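The values are calculated or read from the model by the stated rules, or taken from the named source; none is laboratory data. All figures in this text were calculated on a predicted structure; none of them were measured in a lab. Ideal geometry is used to build each Cβ from the backbone, glycine not excepted, and the neighbour counts take in all protein chains shown.
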2 protein chains.
Amino acid sequence: MSEKSYHMTPAQFREYGYAVIDWIADYYKDIGTLPVLSQVKPGEVRQTLTPGAPRKGEAFTAILHDMKAVILPGVTHWQSPNFFAYFPANASGPAILGDLLSSALGVQGMLWATSPACTELETCVLDWLVSMLGLPEKFLSTSKGGGVIQDTASSSSLCAMLAGRERATNYRSNRQGCDGRLVAYTSNQAHSSLEKAAMVAGIGLENLRLIEVDQQFAMRPEVLARQIAQDGAAGLVPFFVSATVGTTSSNALDPLPAIGAICRKNNIWFHVDAAMSGTAALCPELRYIQDGLDLADSYTFNPHKWMFTNFDCNCFYVADRKALIDTLSILPEYLRNQATESGAVFDYRDWHIPLGRRFRSLKLWFVIRHYGVEGLQFHVRRHVELAQQFLEWVRQDDRFEVAAPAPLNLVCFRHRGGNERNTMLMDRLNTSGDLYLTHTRLNGKVTLRFCVGQTNTTQMHVENAWKRIQEEAGKL
Amino acid sequence: MSEKSYHMTPAQFREYGYAVIDWIADYYKDIGTLPVLSQVKPGEVRQTLTPGAPRKGEAFTAILHDMKAVILPGVTHWQSPNFFAYFPANASGPAILGDLLSSALGVQGMLWATSPACTELETCVLDWLVSMLGLPEKFLSTSKGGGVIQDTASSSSLCAMLAGRERATNYRSNRQGCDGRLVAYTSNQAHSSLEKAAMVAGIGLENLRLIEVDQQFAMRPEVLARQIAQDGAAGLVPFFVSATVGTTSSNALDPLPAIGAICRKNNIWFHVDAAMSGTAALCPELRYIQDGLDLADSYTFNPHKWMFTNFDCNCFYVADRKALIDTLSILPEYLRNQATESGAVFDYRDWHIPLGRRFRSLKLWFVIRHYGVEGLQFHVRRHVELAQQFLEWVRQDDRFEVAAPAPLNLVCFRHRGGNERNTMLMDRLNTSGDLYLTHTRLNGKVTLRFCVGQTNTTQMHVENAWKRIQEEAGKL
């Protein structure tokens, strides 16, 4: 280029790119030794940033320097092998590099026509996952259904609710708006995103019934059936049920066959949210968690939680793609094109709320090909084993009790000394930086959650974590 | 690690990371010579992919090899300097590398507490942009407002509509659902995302009034005022107006001062969508496009369109953050923490629909620091100059007419030979692979859109494009 330019040249990109790759490789080498939970106070990071944007460009080395000096102290290391909090959001080398290529290609996949590979690779990989996970074949693109990558399960569940809303009202809600008569259902242990979806979709929180759960924190289908009958009798319109495979609090498994049967009988959209736990189905011996999924209209799980694919990568499947597309489709003139009009292609913008979309299937493709089904199964099994071992240790220590069934990789437990002690224990552990775990409440009691799902977590990390928990418990 | 593992080691990551960086540097070196629009037919990419996932992991070199062999033929090169279609979605070296660090850190920014730097850098950079663009100070985080990064303007506009809905109903819609009486307004040239938002939010398409435009394709405020009065008299509740700064079809500028005054008078939420064109305000001489923005309740624009920051990076500002947060907030036990309860921090999950969120401010921070305000201004000015030059060439060629005012970087024009000829001209140009441009309809007439905004587009590329357009026009 002869014109003046402030752009990074390909040669500079190569040099700085290597530097960033080195930075990341070093970060992952050291990550196990960093305090997991950031120790900064509110406003502390902001204070170290310049108050205004620079007038003149800065050297790349200066910017990269600040990653360590300014950013890292304020980072909680979600990729640390000592991270046992919330749900994992694990990443891996192939995912990061696949995502890098997506950033660099910078294509838009809103329509098939705007970059065909972006759509077709996504369809292909989501079909692969149907077999890999043993999902019902109706979710295949070659049947009447299909899958799409969204940002989060929150967004997918919202889209499921919208499709259910439109099916129930014969698309009247889309045309005339909601009328306050539609009623949705989920358990009182379901993820908060269902409540958010009910607000966003014009259904209203009061029209989302939080069905009570049994002693295992799973939805009670007989209560659901009763509530549906009652609402129907009151002139309301039951239209949507969301069941959870692995609740956020305690990993409870709702009974899909019974719930699905109720939905079928009442012609209600049946959605299943398996955000983290869905990945477990890679292993045939764990596939029982999704028994009954053949009754579902839609299904969502997150490879960006437990499948080594960095955020964001949520997979959303529908059994009847027409219902979804008819709900979300708008076709302005500036997006018209021959491929769309031929009907031979998917235009994924009609499968979710945003119009623009990046090439997210690349990272998932890289992950599946790098690990192979075998490698993914190996690591998922290993995580479950480690969690089960931890569970056993908790059981053997009289000071603690197990707070909920732990079918997979999440262990809910508590110190027998009451809420305050558990909070204190958690805070001390987290402040130490040695590990990070979080809490919930089950039956009103503060409960500690220990979730094994980090890419580089091994036996040693789980052992160390348990040792530290025992140590701090001894000091209470 | 002594345990068996299928993971990429840090040493392997370094090696393969370098290879990917090289791949990208080479791609950008060659990109100007590649056919811009992918020439594949529906299903062609899919056919070259293996029908099922591999049982065993594959070598990284094999995966990277397929990027060229399988993926690239199906890619439309949005980063090509010969891309003049739709709106740009431009990327740059610093953005790609900042995004790479975000993928690698893999932190979740849903709460301040889950990684403080992710929240505080975002707040800081969005405050920087307020000064950089000359936006009203009420959008600063240090006032009652603030900014957040979302995925797309579609999502931001939806959130604006929701906040407006809740303000108008005193949060009754969130609790009891919509009742079909709320009415929203935008111009008939507004982006299709407004229609989608009206459907999603339970308002209904029939309750979104598409206000007619003047001869410049800008909303007619007197028609808006009349419609609002009429709807109010009919017992409906006007609650939301979205004005556009640079419509998708023709870059028309709605008159914000007049529209804002109407909204103030009627206590209606006033949203402004400047998806692409907002970036122009980096240059003081172009800031007139946002005159009247001081009357807005919310504002959205996309650095991922024209500010060299790869997708996704939409900036959404509100004047009253409490209204937004109260609309979208849900706080389950498992997300409770001291920082949130202190009220001293932002929890950005309450500012949009998804819960999970990645560290997107890194790429924006990298871009602003690499270019400096000066470098960004330089390139935006250059794009506008190049588009204006193109406009002049169109004016001087009798075969063509200018179809709409071209205040910035988008030129709408058409061959005088009618719709069919324009479609034929476009198809031939796009099929040649030499450049890519798209169409719209203005007053029923097929209109070609030529948008200058690619990172590496220079005088030469625009000259070549015009030469090719003239050539093909000669053959019609």
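Give me a count of the residues in segment A:444-464 that are crowded, with 23+ Cβ neighbours inside 10 Å and among the aliphatic types (A, V, I, L, M). Residues in segment A:444-464 being crowded, with 23+ Cβ neighbours inside 10 Å and among the aliphatic types (A, V, I, L, M): 3 in total.
Just give me the residues in segment B:111-135 being crowded, with 24+ Cβ neighbours inside 10 Å, assigned to a loop (DSSP other than H, G, I, E, B) and either outside the structural domain of B:ALA275 (by TED's automatic domain parsing) or not polar (S, T, N, Q) (or both), in sequence order. B:LEU111, B:LEU135, listed by residue number.
Conditions tested, residue by residue: (1) touching a helix residue (DSSP H, G or I) at 6+ places or on another chain (Cβ under 9 Å); (2) of a type outside the set (Phe, Trp, Tyr); (3) touching a residue at least 40 places away in the same chain (Cβ under 8 Å).
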position: A:LEU256; (1), (2), (3): yes, yes, yes
position: A:TRP269; (1), (2), (3): yes, no, yes
position: A:ALA280; (1), (2), (3): yes, yes, yes
position: A:LEU286; (1), (2), (3): yes, yes, yes
position: A:ASP291; (1), (2), (3): yes, yes, no
position: A:ASN302; (1), (2), (3): yes, yes, yes
position: A:LYS305; (1), (2), (3): yes, yes, yes
position: A:PHE308; (1), (2), (3): yes, no, yes
position: A:GLY343; (1), (2), (3): no, yes, no
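Which residue out of A:SER298, A:SER277, A:SER329 is among the hydroxyl-bearing types (Ser, Thr, Tyr) and surrounded by fewer than 21 Cβ atoms within 10 Å (Cβ to Cβ)?
On the way: A:SER298 fails: surrounded by fewer than 21 Cβ atoms within 10 Å (Cβ to Cβ); A:SER277 fails: surrounded by fewer than 21 Cβ atoms within 10 Å (Cβ to Cβ).
Selected residue: A:SER329, the only one of A:SER298, A:SER277, A:SER329 that is among the hydroxyl-bearing types (Ser, Thr, Tyr) and surrounded by fewer than 21 Cβ atoms within 10 Å (Cβ to Cβ).
For B:ARG336, the conditions (1) assigned by TED's automatic domain parsing to the domain that holds B:LEU162; (2) surrounded by fewer than 22 Cβ atoms within 10 Å (Cβ to Cβ); (3) touching a helix residue (DSSP H, G or I) at 6+ places or on another chain (Cβ under 9 Å) are fulfilled apart from (3). Would you check if A:ASP347 is within 14 Å of chain B (Cβ to nearest Cβ) and under 30 Å from B:THR438 (Cβ atoms)? Taking the combined requirement at face value, the residue satisfies it.
Scanning segment A:444-476 for residues that are closer than 20 Å to A:ARG399 by Cα, assigned to a helix (DSSP H, G or I) and in contact (Cβ under 8 Å) with a residue 60 or more places away in the chain yields A:VAL462, A:ASN464, A:ALA465, A:TRP466, A:GLN470, A:ALA473.
The sole residue among B:ASN443, B:ASN456, B:ASN430 that is of a type in the set (S, T, N, Q) and away from chain A (no Cβ under 11 Å) is B:ASN443.
Could we say that B:LYS138 is in a loop (DSSP other than H, G, I, E, B), charged (D, E, K, R) and more than 11 Å from chain A (Cβ to nearest Cβ) here?
Values: in a loop (DSSP other than H, G, I, E, B): no; charged (D, E, K, R): yes; more than 11 Å from chain A (Cβ to nearest Cβ): yes.
Spelling it out, it is not the case that B:LYS138 is in a loop (DSSP other than H, G, I, E, B), charged (D, E, K, R) and more than 11 Å from chain A (Cβ to nearest Cβ).
Collect the residues in segment A:258-272 that are among the aliphatic types (A, V, I, L, M) and outside any strand (DSSP E or B), keeping them in residue-number order. If the condition is that a residue be among the aliphatic types (A, V, I, L, M) and outside any strand (DSSP E or B), then A:ALA258, A:ILE259, A:ALA261, A:ILE262, A:ILE268 are the ones that fit. Taken together, A:ARG428, A:ARG441 contain a single residue that is surrounded by fewer than 21 Cβ atoms within 10 Å (Cβ to Cβ) and part of a strand (DSSP E or B), which is A:ARG441.
Checking the condition touching a strand residue (DSSP E or B) at 6+ places or on another chain (Cβ under 6 Å) and within 23 Å of B:LEU253 (Cα to Cα), which residue from B:ARG449, B:ARG441, B:ARG421 passes? Working first, answer last.
Working: B:ARG441 fails: touching a strand residue (DSSP E or B) at 6+ places or on another chain (Cβ under 6 Å); B:ARG421 fails: within 23 Å of B:LEU253 (Cα to Cα).
Answer to the check: B:ARG449.
Considering only segment A:367-376, I want to know if a residue exists there that is within 13 Å of chain B (Cβ to nearest Cβ), surrounded by 21 or more Cβ atoms within 10 Å (Cβ to Cβ), touching a strand residue (DSSP E or B) at 6+ places or on another chain (Cβ under 9 Å) and charged (D, E, K, R). Within segment A:367-376, not a single residue is within 13 Å of chain B (Cβ to nearest Cβ), surrounded by 21 or more Cβ atoms within 10 Å (Cβ to Cβ), touching a strand residue (DSSP E or B) at 6+ places or on another chain (Cβ under 9 Å) and charged (D, E, K, R). Going by the conditions given, is B:LEU391 within 14 Å of chain A (Cβ to nearest Cβ) and buried (at least 17 other Cβ atoms within 10 Å of the Cβ)? In short, no. Scanning segment B:64-89 for residues that are out of contact with any strand residue (DSSP E or B) (no Cβ under 8 Å at 6 or more places or on another chain), within 7 Å of chain A (Cβ to nearest Cβ), assigned to a loop (DSSP other than H, G, I, E, B) and of a type outside the set (Gly, Ala, Ser) gives B:VAL75, B:TRP78, B:GLN79. B:ALA163 satisfies every condition listed in (1) part of a helix (DSSP H, G or I); (2) more than 10 Å from every other protein chain (Cβ to nearest Cβ); (3) more than 23 Å from A:GLU206 (Cβ to Cβ) except (3). Filtered by the rule that a residue be part of a loop (DSSP other than H, G, I, E, B) and either modelled with pLDDT of 95 or more or in contact with a strand residue (DSSP E or B) (Cβ under 7 Å, 6 or more places away or on another chain) (or both), segment B:10-51 gives B:LEU34, B:PRO35, B:VAL36, B:LEU37, B:SER38, B:VAL40, B:LYS41, B:PRO42, B:GLY43, B:LEU49. The residue of segment A:1-51 that is farthest from the other protein chains (Cβ to nearest Cβ), among those that are surrounded by 16 or more Cβ atoms within 10 Å (Cβ to Cβ) and among the small types (Gly, Ala, Ser), is A:GLY32. Kindly evaluate B:GLN108 against the criterion of being part of a helix (DSSP H, G or I), among the polar types (S, T, N, Q) and more than 21 Å from B:ILE24 (Cα to Cα). So B:GLN108 fails the test.
Could you say which residue among A:LEU410, A:LEU362 is buried (at least 24 other Cβ atoms within 10 Å of the Cβ), within 25 Å of B:ASP312 (Cβ to Cβ) and either in contact (Cβ under 8 Å) with a residue 12 or more places away in the chain or out of contact with any helix residue (DSSP H, G or I) (no Cβ under 6 Å at 6 or more places or on another chain) (or both)? Answer to the selection: A:LEU362. When the strands (runs of 3 or more DSSP E) confined to segment B:173-257 are screened for residues that are buried (at least 24 other Cβ atoms within 10 Å of the Cβ), those reaching at least 3 such residues are found at B:182-187, B:237-244. All conditions but one from (1) in contact (Cβ under 8 Å) with a residue 60 or more places away in the chain; (2) at the interface with another protein chain (Cβ under 8 Å from one of its Cβ atoms); (3) more than 16 Å from the chain's Cα centre (by Cα) apply to A:THR152; the one that does not is (3). Here segment B:431-456 is the region considered, the condition is being touching a helix residue (DSSP H, G or I) at 6+ places or on another chain (Cβ under 6 Å) and of a type in the set (Ser, Thr, Tyr), and the residue that is farthest from B:HIS379 (Cα to Cα) is B:THR440. Candidates in segment B:96-120 are the residues that are touching a Gly at 6+ places or on another chain (Cβ under 9 Å) and of a type in the set (A, V, I, L, M); of these, the one that is farthest from the other protein chains (Cβ to nearest Cβ) is B:MET110.
Taking the options A:GLY343, A:GLY372, name whichever one is on the phi > 0 side of the Ramachandran plot and assigned by TED's automatic domain parsing to the domain that holds A:TRP466. Explain how you work it out, then say what you get.
On the way: A:GLY343 fails: assigned by TED's automatic domain parsing to the domain that holds A:TRP466.
Exactly one of A:GLY343, A:GLY372 is on the phi > 0 side of the Ramachandran plot and assigned by TED's automatic domain parsing to the domain that holds A:TRP466, namely A:GLY372.
Every condition in (1) in contact with a Cys (Cβ under 7 Å, 6 or more places away or on another chain); (2) more than 27 Å from B:MET110 (Cα to Cα) is met by A:TYR334 except one, and the failing one is (1).
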